[in-house]
């Protein structure tokens, strides 16, 4: 089966930017505004009528979670620079203060739009007999039910706090949500100001009983309904809700002697970071608003008054399994046929031939099985594993602990600096140490972001190394929704390369003579630029020159300039970039031959792939094809340990070029195209025409390298491969 090449979207008509000096920093798009543009696209999916209703609510929730994290990390950092008087410009030439001003204007519009979408979605949910209530819309039966809920499940967790000289304003942690209350005594003897933190340990929405539909009450409405029980003898005169976002970046001492203890201390400092954003009900009594602002030390420009629901991120609780008709149709990831042909034996399947799994379409359980099988195999002598992010009850860590307890040599390279997973990784590292594994924390100045696992197995009189390389984390839960690729191989050169990387992490010994691997911060960036320049030289010689690449973010200055030079030489460049893009595509005199698109849909695009035509038209058997753990950002290429793996197996190469990359480039249904101004617009589909959806294609069709005895000849590809 082949799908005709004409499905691929044409390059947009180049645009002239007469008001932009392309010889200056104006040739780059601002990183922060580009990220906000990505979150606009996420929010737009919440408005997309082709998306099931509760999934649209989920997209709305994700857009709010994204924005909160953006403020606690990126905006917090810019704010600190601006307050220190730092005027160092970003990639696009703007100072921290200038960026903050633009961010604030864009973010306020985005938050207002989130409330509009929220109101629209709740109206549509009501038509589906799902209702979000307030305390005014409760029946007597509802109130009787809620009395029991309050007393049994909520009241024991609450800490109502008076605010007066004897009771100072309490500390609220990052993302702390609270009600501020103005109360009057019923007998008229005096007012009281109080604070009621809304406990994060309790669900935000309480489900009410009833056979007719689904009804929910926000937790804060329940609290307001029972203020009399929390403050006996008082009645509400005025109230407001508010939420604080704090600086969540970590600061570490450069000479920390014990990295684990230093991280534990830094995590406590994060909890007490300065407030970078205060969201508050727009009808807040002036006295309460002033009190909160004074106590949290925020200025008027750091306050967002919300006309609607504070804490949009919590709406994910309304995405309930009961209403399967309002969710995506169920999808079960495939077990590769080759693994089934070998009765689940991962080592036998890998010995047959290199195998690339495309998650979540092929189940991540195969990665877990690879390590679990290694833990129980008496012929396995050693396992080495990087861990950047993983789940709380991680089956990966379970397998490593089991292997260590069985006497195998287990070395785990745990990255403590994985943002927001630092505490979890400390717990996992201690658990591994208790089991007898060697735990290595890598570099203080570099994050270890590479995704590698090696299993050394005794086979006859020799040792064989089985290696797994991934583009995503060893996280079974996120692997259900993130698109990533996993390469399994027993190729000797790749196994030796992986071992050299592990030795670099554990002993600082820089690897030499890597056969099929480049790593940052050593040579990954220079290798990328050399290959871009090689395509540039081919174009200048009049030969076919093409680059296809897929990643989450592109913001590294030298790489972007190399792509600009390649475009000007005639290299045809197609980029699939989910999030941040600092490159201006399709600009006359700069980037006429570069196309950038973003795919946002049912699954989160996360894999990092790059293909160079190498003098041939893509896809081609003679192309150079790579998978990577790294986005093309300064942090990944200069300040992290990352991998770029060259694919040598022809079937895997065809799978990446003729299936994965071709499908992404063909996608119309969930694609946005970027123009030279930095703006994205959704690809338009003429009425009645077929809109190719790459996620649906991958769900319906097996991967080339995972086929078993049936072979790969009948597996759908999207383009012919040039011999």
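See the values below:
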{"item": "Alpha carbon convex hull of the chain, volume per residue in cubic angstrom", "result": "186 Å³"}
{"item": "Spin-label pair residue 140/residue 22, simplified geometry with 7 Å Cα→Cβ offset, distance in nm", "result": "7.6 nm"}
{"item": "Helix axis angle, 557-569 relative to the chain longest principal axis, alpha carbon, degrees", "result": "50 degrees"}
{"item": "Tilt relative to the chain, helix 140-149 - C-alpha long axis, 0 to 90 degrees, to 10", "result": "70 degrees"}
{"item": "Against the rule of thumb 2.2 N^0.38 Å, how large the Cα Rg of region 21-116 comes out", "result": "1.24"}
{"item": "Principal-axis tilt of helix 286-296 within the chain, Cα atoms, nearest 10 degrees", "result": "50 degrees"}
{"item": "Alpha-carbon Rg with Dmax, taken over region 19-58, Å", "result": "15.9, 47"}
{"item": "Percent RCO, i.e. relative contact order, over region 129-326, from Cα pairs under 8 Å lying at least 6 residues apart", "result": "21 percent"}
{"item": "Virtual spin-label span in nm between residue 237 and residue 423, 7 Å along Cα→Cβ", "result": "3.8 nm"}
{"item": "Theoretical gain in end-to-end length, residue 492 to residue 211 [0.36 nm per residue, Cα-Cα removed]", "result": "94.9 nm"}
{"item": "Protection proxy ranking, peptides 577-589, 433-445, 151-163, average beta carbon neighbours within 10 Å, highest first", "result": "577-589, 433-445, 151-163"}
{"item": "Under the Debye formula (equal points on every Cα, no solvent term), log10 I(q)/I(0) of region 85-243 at q = 0.11, 0.13 Å⁻¹", "result": "-0.63, -0.81"}
{"item": "Mean Cα-pair separation over length for the chain, i.e. relative contact order, pairs under 8 Å, 6 or more apart, %", "result": "14 percent"}
{"item": "Ellipsoid equivalent to region 590-709 - semi-axes via the Cα gyration tensor, in Å", "result": "24, 22, 15"}
{"item": "Mean ellipticity per residue at 222 nm, deg cm²/dmol - from DSSP H runs of n ≥ 4 across the chain, formula -39500 (n - 2.57)", "result": "-10000 deg cm²/dmol"}
{"item": "Surface/4 estimate of mean projected area, convex hull on alpha-carbon atoms of region 271-357, nm²", "result": "12.3 nm²"}
{"item": "Taking region 337-511 and dividing mean pair separation by its residue count, relative contact order in percent (alpha carbons under 8 Å, at least six apart)", "result": "27 percent"}
{"item": "Computed over region 337-511, Kirkwood Rh from alpha-carbon pairs, angstrom", "result": "16.2 Å"}
{"item": "Projected-area mean, region 129-326, by convex hull of Cα positions, square nanometres", "result": "15.3 nm²"}
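Each reported figure results from applying straightforward, stated rules to the coordinates on display, with no laboratory input. Since we're looking at a predicted model, the values are computed, not measured. Ideal geometry is used to build each Cβ from the backbone, glycine not excepted, and the neighbour counts take in all protein chains shown.
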